[in-house]
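Novice: The structure's right below; bear with me while I get my questions together.
The values are calculated or read from the model by the stated rules, or taken from the named source; none is laboratory data. Given the structure is predicted, the values throughout are model-derived calculations rather than measurements. Cβ sites come from the backbone with ideal geometry, for glycine too, and all protein chains shown count toward neighbours.
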């Protein structure tokens, strides 16, 4: 995960993919699963899992 | 022939969605349309203060998502778009929660004539794409008055 105040309005995003963690994590529910979310955004399941883990860790903190 | 209308999706929309929409709208010969994606035009992770002014020059209409109060994006993007006079459309979260990317596609195509008309509105106008009724079988594109937008920080 990368955070830069000048990119994506400061929201954390998946490095090299350029999609915010919040967006990918939300897509898991919206698309009914990690595989479908990965397909919808043309990223790997690992990217989706990393984003979901990151958002979960924020919510648990 | 009508004037070219350019729609630009940001990273909140996946590349496959953009490609699918492009394939559909090219069938509309009466209304020339260009569909772009920020990650393709500017690269993944482009700085906001670089890509936003550039799309202002290109007369793009931005289609993004209001990710809700926690992301802060719901306010920041309209502020920056207003500052640079970029017309933009926010897809509301309820629509995505209900049916994901397919629902977004269904909504965009349902209001397609109105979307094309957005290009005639004053630059910087903000719209929201939302359900029109509780049955969630109709959509509407609602103009958000300038008075309801967050005040630009400076330079507007």
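Novice: Go through the residues of the range B:11-24 one by one and say whether even a single one is within 18 Å of residue A:6 (Cβ to Cβ) and touching a residue at least 12 places away in the same chain (Cβ under 8 Å).
Specialist: yes
Novice: Report, by residue number, each residue of the range B:122-137 that is closer than 19 Å to residue B:52 by Cα and part of a loop (DSSP other than H, G, I, E, B).
Specialist: Selection gives B:122, B:123, B:124, B:125.
Novice: Only one of (1) at the interface with chain B (Cβ under 7 Å from one of its Cβ atoms); (2) surrounded by 21 or more Cβ atoms within 10 Å (Cβ to Cβ); (3) more than 9 Å from the chain's Cα centre (by Cα) is not met by residue A:22, so which one is it?
Specialist: Every condition holds for residue A:22 apart from (3).
Novice: Within the range A:1-12, count every residue that is at the interface with chain B (Cβ under 7 Å from one of its Cβ atoms) and in contact with a strand residue (DSSP E or B) (Cβ under 8 Å, 6 or more places away or on another chain).
Specialist: Going through the range A:1-12 one residue at a time, the tally reaches 4.
Novice: Does at least one position in the range B:64-72 carry a residue that is surrounded by 14 or more Cβ atoms within 10 Å (Cβ to Cβ) and part of a helix (DSSP H, G or I)?
Specialist: Checked the range B:64-72: no residue is surrounded by 14 or more Cβ atoms within 10 Å (Cβ to Cβ) and part of a helix (DSSP H, G or I).
Novice: I would also like to ask the following. Would you confirm whether or not the range B:95-104 contains a residue that is out of contact with any strand residue (DSSP E or B) (no Cβ under 8 Å at 6 or more places or on another chain), under 21 Å from residue B:139 (Cβ atoms), in a loop (DSSP other than H, G, I, E, B) and within 14 Å of chain A (Cβ to nearest Cβ)?
Specialist: So far as the range B:95-104 goes, no, none of its residues is out of contact with any strand residue (DSSP E or B) (no Cβ under 8 Å at 6 or more places or on another chain), under 21 Å from residue B:139 (Cβ atoms), in a loop (DSSP other than H, G, I, E, B) and within 14 Å of chain A (Cβ to nearest Cβ).
Novice: Scan the range A:41-61 residue by residue and report those that are assigned to a helix (DSSP H, G or I) and within 7 Å of chain B (Cβ to nearest Cβ).
Specialist: A:41, the sole residue that qualifies.
Novice: I would also like to ask the following. Do you know which of the residues in the range B:1-25 that are out of contact with any strand residue (DSSP E or B) (no Cβ under 8 Å at 6 or more places or on another chain) and assigned to a loop (DSSP other than H, G, I, E, B) is farthest from residue A:24 (Cα to Cα)?
Specialist: Checking each candidate, the answer is B:1.
Novice: Given the conditions (1) modelled with pLDDT under 95; (2) within 14 Å of chain A (Cβ to nearest Cβ); (3) out of contact with any strand residue (DSSP E or B) (no Cβ under 6 Å at 6 or more places or on another chain), report the number of the one that residue B:85 does not fulfil.
Specialist: Going through (1) modelled with pLDDT under 95; (2) within 14 Å of chain A (Cβ to nearest Cβ); (3) out of contact with any strand residue (DSSP E or B) (no Cβ under 6 Å at 6 or more places or on another chain) one by one, residue B:85 breaks only (2).
Novice: Every residue in the range B:35-62 that is more than 14 Å from every other protein chain (Cβ to nearest Cβ) and within 16 Å of residue B:89 (Cα to Cα), please.
Specialist: Across the range B:35-62, the qualifying residues are B:35, B:36, B:55, B:56, B:59, B:60, B:61.
Novice: Residue under question is residue A:38, and the condition is that it be more than 7 Å from chain B (Cβ to nearest Cβ), touching a residue at least 24 places away in the same chain (Cβ under 8 Å), assigned to a helix (DSSP H, G or I) and crowded, with 21+ Cβ neighbours inside 10 Å; does it hold? Give the steps one after another, and end with the answer.
Specialist: Values: more than 7 Å from chain B (Cβ to nearest Cβ): yes; touching a residue at least 24 places away in the same chain (Cβ under 8 Å): no; assigned to a helix (DSSP H, G or I): yes; crowded, with 21+ Cβ neighbours inside 10 Å: yes.
Considered against the rule, which asks whether it is more than 7 Å from chain B (Cβ to nearest Cβ), touching a residue at least 24 places away in the same chain (Cβ under 8 Å), assigned to a helix (DSSP H, G or I) and crowded, with 21+ Cβ neighbours inside 10 Å, residue A:38 comes out as no.
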